[in-house]
Amino acid sequence: MPETDELSQKIRKCLNEGLGLACMYARGVPGGHVLEAVMAGDRIERITVRVEGMMYQSVTPDIPSASLYEREIYETHGIYPAGHPDMRPLRSRSSWGPLSGGRAIPHNDIFGNGIFEIPVGPIHAGVIGPGHFRFSVAGEPILMMRTYLGYSRRGVEKLMETQASADNTAIAERISGDNAVAHTLAYLQTVEQDTEIPERARFIRTVLSELERICSHLGTISGIALDTALAVPAAHGSALRESILRLNERICGHRLLWGMLRIGGLSKDLTETALDEIEREVMRVRFDAEELVGIMIRSPSFMDRAETTGRLSYEDAVHLRAVGPVARASGVDADVRKTRPYAAYGLAAMDVPKCPSGDVYARLTVRKREIMESVSMILQCINSMEDGPVRTSVKTEDGFYTGITESPRGETVHCAHIENGKITKYKIRDASFPNWPALERAVMGNIVPDFPLINKSFDLSYSGNDL
Amino acid sequence: MIEFVLSAAQSVLMIALAPLFAGILKKAKARMQHRNGSSIFQPYRDVAKLLRKNETVSESSSLLFRFIPYVCFGSMVLLSLMTPFFFVDVAAPYGDLISMVYIFTLYRLMMVLGGLEGGSVFGGMGSSREMMMSVLIEPSLLLSLMALAGLTGGSTAVSDIPRELIGMGVIVLAPALVLAASSFFITLLAENSRVPFDNPSTHLELTMVHEGMLVEYSGRGLGLMDLSSMMRLMIFSSMLCTLFFPWGMALTASPFAIFVGLAAIFAKVLFVTLAIALIESYLAKYRLFRLPNLLTASFALSLMAMISLYIL
């Protein structure tokens with residue numbers, strides 16, 4: 001199998017140049033398959049390797065961040081990565097499965113006296129997404145945790161394979177409902193390609209995307225407070241999030257900002273009064289959020305829970321290529337808005353908050369500071385906006401296009417192959433997908449009752465991961 | 001005769017008011033979070049609804065599982081007969097402080113067995129955590145009650161203590177009483193699964209202690225278990241308010257004394273309830289392995305009470 005050493009070498013070369021593996025998938029071509037790898041950093045590099053037969057040499061032993069993608073390729077296309085160290089089922093199930101060839105969930109690969117396995121989920125006591133977790137514990141400390149997801153799989157990628165001119169924003173918004181703007185912007189990048197979008201539309205897109213981030217981060221901060229039973233800040237945080245949701249509804253008619261983005265621009269312009277209202281509301285939220293986090297970190301009992309809990313080391317974050325606030329809380333400097341600006345991010349000054357410690361407290365701090373940055377960016381955009389059109393016509397060309405945006409949860413990748421005006425292959429990689437294995441690393445050595453808190457501080461999406 | 005009627009009436013009143021104070025606690029917490037919260041009578045409706053429903057019982061459980069709610073409820077009824085409320089005499093003056101502590105232990109043991117019976121993971125985790133805490137709660141609970149008994153002349157009989165304390169006058173407000181009462185308050189929080197020991201309103205099955213053990217109960221069984229845990233909180237609060245701070249209790253059966261006794265106990269239990277609500281609003285739940293520290297502090301407080309009583 002010589003052809004795939006080629007894959008490993010090509011990926012390795014890009015890694016050495018400072019790029020990271022953003023996405024990898026298989027694509028059927030006449031007479032076989034090709035493996036596509038998208039490397040992203042300060043530029044985007046596409047690697048294409050043809051596979052002969054149904055097996056190739058796995059790249060995971062060399063490049064750990066490829067593990068998930070190779071498991072996914074096996075489940076969707078049946079191409080086996082020989083030498084892969086961890087071929088547990090990713091999304092398919094033997095009893096129930098949207099993908100054929102489902103396999104049973106194995107026991108954790110760990111043995112010894114007094115080691116117990118705790119299966120949790122997919123149905124949970126609270127109203128959260130469906131996910132199955134297996135904890136191997138010795139008493140309370142967790143020795144190993146494995147996640148099994150895929151229960152909310154809907155086949156979104158297949159639904160996106162339409163005429164390239166068709167407006168699929170309504171589907172893109174539903175990939176991960178609370179990251180709708182980021183996903184839709186990524187989709188729009190793949191179909192708008194090099195079209196020049198009117199400047200006003202780009203500014204408004206940035207404002208919407210930052211509103212979404214504020215909303216998502218407030219929800220996470222409030223959730224962290226709730227999981228430590230800090231009831232008053234939790235209620236305060238939910239109220240703040242609700243005020244942004246209501247603002248969203250007033251300005252565009254939907255609490256999660258659905259329906260605003262369209263191919264070529266926006267479905268409607270924002271009036272001056274709406275912009276004033278946004279400005280007022282985010283200023284208020286800025287101070288309230290600062291106060292909220294202040295209340296939390298001034299509580300010694302909270303800090304005792306948050307500090308050193310669920311630590312993700314810098315090395316692990318880099319090896320698994322964690323993205324978004326999770327990676328930045330472990331000291332990784334990665335933000336698509338800064339490295340490859342889209343919409344109007346190139347026109348606004350921004351700071352990328354980082355924190356070196358990688359624990360729950362670091363993720364809380366990064367989120368708080370991102371809210372501050374978002375508010376500043378919204379104000380900059382509103383101030384530099386000028387009147388003008390918000391929509392233009394788009395001509396979609398054939399070829400391979402990527403759309404990469406920074407959702408509240410991190411780097412979101414969309415890849416589209418367009419042939420004869422039709423999308424023949426569409427690949428989505430939500431920010432949560434590479435962060436789930438990072439969660440598996442971060443919980444090791446912590447105690448079981450701290451898992452919900454760590455999980456909340458990661459704030460991962462089930463529907464975005466399951467697609 | 002009238003004394004017996006009064007003491008029986010106070011037990012009934014205690015059982016009847018337990019859900020009300022649970023409702024007040026919830027309401028107070030909601031108000032502190034700027035929420036409206038549900039009505040203070042909601043726990044009555046919840047229990048009434050659950051008692052009307054059928055039970056679903058795990059196939060892997062034995063007959064014991066079905067009996068446990070009745071044993072738990074029965075032990076709480078027994079304790080309410082042994083605890084003074086507004087009147088100094090109790091309906092069942094046969095037990096003393098030590099037997100009360102071990103009836104609480106019986107209740108806990110039954111709940112732990114019930115948690116294990118269902119064969120679910122969360123029941124097992126809740127039970128193991130409960131046993132860990134119980135080992136630490138018991139000595140400090142016993143020691144604080146012993147300090148109280150020592151202060152009042154060595155009797156552990158429940159109905160003697162309030163009389164003695166009131167008879168001793170202001171001098172009784174010695175460090176020993178305050179220390180023992182503080183220690184007892186910490187064990188009250190631990191024993192009743194309140195923040196920072198446990199989060200009674202959590203939805204996270206992995207962090208549960210008390211709720212984890214109840215996860216397999218439904219219908220009538222759950223209703224009885226919920227009612228029992230409300231009664232347990234009520235009994236603990238009344239113990240704090242009548243044994244440690246008995247002032248205002250009715251010593252005779254005169255109408256005026258009874259009126260004052262009722263008013264005093266309402267005010268005191270309400271104060272304890274609001275104090276719990278305040279703690280639950282401003283404290284995060286402690287890390288599980290941090291709880292022994294807090295219980296050790298409670299033990300140290302009651303030990304200091306003992307020392308100040310006998311050595312100083």
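FYI, it's all coordinate maths here, none of it is from the lab. All figures in this text were calculated on a predicted structure; none of them were measured in a lab. Note that we place each Cβ from the backbone using ideal geometry, even for glycine, and neighbour counts take in every protein chain shown.
Before moving on, here are some points about what is shown:
- The residues A:His236, A:His33, A:His124, A:His107, when put in order of fewest to most other Cβ atoms within 10 Å, stand as A:His107, A:His124, A:His33, A:His236.
- Cα→Cβ-extended label distance, 7 Å offset, between B:Ala92 and A:Ser313, nm: 5.9 nm
- From least to most packed, judged by other beta carbons within 10 angstrom and beginning with the fewest, A:Met145, B:Met100 follow the order B:Met100, A:Met145.
- Each eigenvalue of the Cα gyration tensor of chain A, multiplied by 5 and square-rooted, gives one semi-axis; in descending order these are 33, 31, 19 Å.
- Karplus-derived 3J(HN,Hα) values for segment B:182-188, using 6.51 cos²θ - 1.76 cosθ + 1.60 with θ = phi - 60°, are 4, 4, 5, 5, 5, 5, 4 Hz; glycine and proline are entered as x.
- Vicinal HN-Hα couplings computed from phi for segment A:327-333 (Karplus, 6.51 cos²θ - 1.76 cosθ + 1.60; Hz; Gly/Pro x): 5, 5, 6, 9, x, 7, 8
- Label-reachable residues, segment B:23-65, where backbone N falls under 19 Å from a point 7 Å from A:Glu242's Cα toward its Cβ: B:26-40
- Take the Cα of B:Leu106, step 7 Å toward its Cβ, do the same at A:Asn383, and the gap between the two points is 7.3 nm.
- Helix axis angle, B:291-310 relative to chain B longest principal axis, alpha carbon, degrees: 20 degrees
- Per-residue ³J(HN,Hα) for segment A:453-467, Karplus 6.51 cos²θ - 1.76 cosθ + 1.60, θ = phi - 60°, Hz, x for Gly and Pro: 5, 5, 4, 5, 5, 6, 6, 9, 9, 7, 5, x, 6, 7, 6
- Efficiency of FRET from Cβ geometry, B:Ala253 and A:Glu161, R₀ 56 Å, rounded to 0.05: 0.05
- Length gained when the stretch B:Arg45-B:Ser218 is fully extended (0.36 nm per residue, less Cα-Cα span): 60.7 nm
- Within the protein assembly as shown, helix-based [θ] at 222 nm, where runs of 4 or more DSSP H residues each add -39,500 (n - 2.57), nearest 500: -17000 deg cm²/dmol
- Residue range of chain A that is longest and free of trypsin sites (Lys or Arg not before Pro) which are both DSSP loop and sparsely packed (at most 12 other C-beta within 10 Å): A:44-297
- Distribution of pairwise C-alpha distances over the protein assembly as shown, 20 Å bins, in %: 15, 41, 29, 13, 2, 0
- The DSSP beta bridges internal to the protein assembly as shown are antiparallel in roughly 95% of cases.
- The alpha-carbon of A:Lys158 sits under 22 angstrom from the alpha-carbons of these lysines, leaving out residues fewer than 8 places away in its chain: A:Lys422, A:Lys425, A:Lys427.
- Proxy reagent accessibility, fewest Cβ within 10 Å first, across B:Thr242, A:Thr392: A:Thr392, B:Thr242
- Candidate cross-link partners of B:Lys26 among the lysines, defined by an alpha-carbon separation under 18 Å and a same-chain spacing of 8 or more, comprise B:Lys268, B:Lys285.
- Here the extension length gained between A:Glu272 and A:Asp62 equals 70.2 nm, from 0.36 nm per residue of separation less the Cα-Cα distance.
- Between segment A:388-430 and segment B:1-59, the alpha-carbon center distance in angstrom: 58 Å
- Space enclosed by the convex hull of the alpha-carbon atoms of chain B, per residue, Å³: 132 Å³
- Spin-label zone in segment A:323-341 - amide nitrogen under 14 Å from a point set 7 Å from the Cα of A:Glu45 along the C-beta vector: none
- Under the combined filter of DSSP loop state and at most 12 neighbouring Cβ atoms within 10 Å, segment B:50-157 retains these chymotrypsin sites (Phe, Trp or Tyr not before Pro): B:Tyr94.
- Relative to the dominant Cα principal axis of chain B, helix B:2-32 is inclined by about 60°.
- Close amide H contacts of A:Gly265 (hydrogens built in the peptide plane, cut-off under 5 Å, sequence separation of 5 or more or a different chain): A:Thr392.
- Annotation for B:Tyr282 and B:Ser62: the two label points, set 7 Å from Cα along the Cα-Cβ direction, are 4.8 nm apart.
- The amide H of A:Asn446, built 1.01 Å from its N in the peptide plane, has A:Ile142 as neighbours under 5 Å, considering only residues 5 or more places off or on other chains.
- Furthest towards positive pole of dipole, B:Ala147, B:Ile276, B:Pro84, structure part chain B, Cβ charges: B:Ile276
- Segment B:267-302 versus segment A:172-207: alpha-carbon centroid distance in Å: 50 Å
- Residues whose amide H lies under 5 Å from that of A:Val51, counting only those 5 or more places away or on a different chain, are A:His33, A:Val34, A:Leu35; hydrogens are built 1.01 Å from N in the peptide plane.
- Mean separation of Cα contacts under 8 Å, 6 or more apart, over the residue count of chain A: relative contact order %: 18 percent
- Here segment B:225-248 is scanned for amide nitrogen atoms under 14 Å from the site 7 Å beyond the Cα of B:Lys53 along Cα-to-Cβ, giving B:225-227.
- Within chain A, longest stretch clear of exposed GluC sites (Glu not before Pro) (DSSP loop, no more than 13 other Cβ within 10 Å): A:197-385
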